[in-house]
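These notes are about the structure you will find just below.
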Amino acid sequence: MDAPLIEIAHLSKSYRRGDQVIPVLSDITFDIAAGEFLALIGPSGSGKSTLLNCIAGIDAVDAGAVVIAGTDITGLTEGALASWRSRHVGFIFQFYNLIPVLSALENVELPLLLTSLSARERREHALAALAAVGLPDRTDHKPSQLSGGQQQRVAIARAIVTDPDIIVADEPTGDLDRQSAADIMALLGQLNSQLKKTIVMVTHDPRAAEAAHLVRELDKGELRVAH
């Protein structure tokens, strides 16, 4: 058996609000295999996005380990963690987080500015990523000239342009109409099945969760298998 790509062991996380300590995640332990498509569901405030951010190395944990491809990211310095994220994680957000003054191509190129690629190589990679999400003819369009579904496709192209090991998606269909949401989930399914991308997705949408191989539910900071 191959080792899991993501190993989470006894992870706990809380936030401070004044003198109060508010627990968010409590003793979370589970593995995610390479090539898995996992949906995290649960009520608001259950800790879904916090868990996603811990896996992505955005939020520090209070206790426990997050080991990804053999590296315990909880032990990395801030600088090492930023470098690790840029190489290994692609991010998809509910509200796209595109830069309004940049074209689709320029938005997709952004993560590549941290690499040693030449300008020509960056452009080639970005064009390939836009083609992969079905937008080869929208390279020069600004976000305001694109529909919500098209903006999310640009955001997905930006997430895959560095060829990351893991894609983390926080409510990727939350701001889309039903048809656009279905199209985006079909695209994520293709990235998972064809490019073998490991995807960890937070969603409130039962239809989006159905696209995942495995669904885990968080409730009051504790984890259970939904199906």
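The values are calculated or read from the model by the stated rules, or taken from the named source; none is laboratory data. Being a predicted model, the structure only gives us computed values, none of them experimental. Neighbour counts are summed over all protein chains in view; Cβ atoms, including those assigned to glycine, are modelled from backbone coordinates with ideal geometry.
How many residues does segment 129-148 contain that are exposed (fewer than 15 other Cβ atoms within 10 Å of the Cβ) and of a type in the set (A, V, I, L, M, F, W, C)?
Qualifying residue count, segment 129-148: 1.
List every residue pair whose Cβ atoms lie under 8 Å apart, where the two residues are 6 or more positions apart in sequence or sit on different chains, the first residue falls within segment 110-127 and is within 15 Å of D163 (Cα to Cα) and polar (S, T, N, Q), and the second residue, located anywhere, is surrounded by 12 or more Cβ atoms within 10 Å (Cβ to Cβ) and at pLDDT 90 or above.
Going by the 8 Å Cβ cut-off, the qualifying pairs are T115/R122; T115/T162.
Return yes or no: is Q145 at pLDDT below 90 and either in contact with a Cys (Cβ under 7 Å, 6 or more places away or on another chain) or of a type in the set (S, T, N, Q) (or both)?
No; evaluated as a whole, the condition is false for this residue.
Here is a list: L191, L135, L176. Which entry is free of Cβ contacts under 8 Å to residues at least 60 places away in the same chain and closer than 17 Å to L38 by Cβ?
L191
Of the conditions (1) over 13 Å from the mean Cα position of the chain (by Cα); (2) touching a residue at least 40 places away in the same chain (Cβ under 8 Å), A169 satisfies every one except a single condition; which number is it?
The one condition A169 does not meet is (1).
Is it the case that some residue within segment 94-107 is surrounded by 19 or more Cβ atoms within 10 Å (Cβ to Cβ), touching a residue at least 40 places away in the same chain (Cβ under 8 Å), hydrophobic (A, V, I, L, M, F, W, C) and touching a His at 6+ places or on another chain (Cβ under 6 Å)?
yes
Checking the condition at pLDDT 90 or above, under 21 Å from K196 (Cα atoms) and surrounded by fewer than 21 Cβ atoms within 10 Å (Cβ to Cβ), which residue from A39, A33 passes?
Unique residue meeting the criteria: A33.
When you go through (1) over 25 Å from L187 (Cα atoms); (2) surrounded by fewer than 20 Cβ atoms within 10 Å (Cβ to Cβ) one by one for I73, which number turns out not to apply?
The failed condition is (2).
So which of D27, D19, D62 ends up being of a type in the set (D, E) and surrounded by 14 or more Cβ atoms within 10 Å (Cβ to Cβ)?
D62
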